[in-house]
Amino acid sequence: MKILLAVDGSDYTKRMLAYLATHEELLGKADAFTALTVVPVIPPRALAFVDPSIVQEYYTSEAEHVLEPVQRYAAQKGWPVTAEHRAGHAGDVIAEVAGSGRYDLVIMGSHGHSALAGAVLGSVTVRVLARCKAPLLILH
């Protein structure tokens with residue numbers, strides 16, 4: 001099974017990974033995991049004044065800040081994880097990657113860094129729910 005782990009480095013990402021670690025019956029030995037983080041896009045007006053290579057370095061650096069701890073944790077647990085990052089609106093990008101990558105399951109936390117934006121579910125989670133065709137496991 002191809003599983004997309006939507007991660008942002010928040011406490012909800014940590015809880016999601018801890019939950020998966022304590023419920024190994026959810027994970028098959030042949031499952032393939034991809035950890036995806038989405039970096040917010042720099043506004044176009046600011047982009048006009050910055051060299052494209054610097055922008056790419058920024059996106060990569062921000063993504064690595066989130067993905068490196070996830071990869072270390074996965075390695076400790078013996079999970080085969082591929083890391084990816086994109087720039088854009090997280091909800092849209094997660095749903096697009098889930099569809100284009102033909103993932104069997106998307107797993108994400110109920111909230112991210114902007115937990116105050118949504119009372120019951122975070123705004124990114126709501127957007128993924130609305131746009132994603134793959135089954136979604138949301139962990140609180």
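The values are calculated or read from the model by the stated rules, or taken from the named source; none is laboratory data. This one's a predicted model, so the numbers in the text were calculated from it and none came from an experiment. Note that each Cβ is placed from the backbone with ideal geometry, even for glycine, and that neighbours are counted across all protein chains shown. Remember, those area values only see protein heavy atoms, side chains included, never the ligands or the DNA or RNA. Shrake-Rupley method; radii C 1.70, N 1.55, O 1.52, S 1.80 Å.
Table for the structure above
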read-out	value
FRET efficiency, 1/(1 + (r/R0)^6) with R0 35 Å, evaluated for residue 50 and residue 75 via beta carbons	0.55
Spin-label model distance (nm) - residue 60 vs residue 18, 7 Å beyond Cα toward Cβ	3.3 nm
Solvent-accessible surface (1.4 angstrom probe) belonging to residue 1, in square angstrom, nearest 10	100 Å²
With all protein chains modelled, accessible area of residue 60 [1.4 Å, Å²]	50 Å²
Pair residue 2, residue 139: separation of 7 Å Cα→Cβ label points (nm)	2.2 nm
Proximal lysines relative to residue 77, as straight alpha-carbon distance under 18 Å, when same-chain residues fewer than 8 apart are discounted	2, 14, 29
Carbon/sulfur fraction of accessible area - the chain, other protein chains in place, 1.4 Å, %	56 percent
Estimated inter-spin distance, residue 131 and residue 84, nm [label 7 Å along Cα→Cβ]	1.4 nm
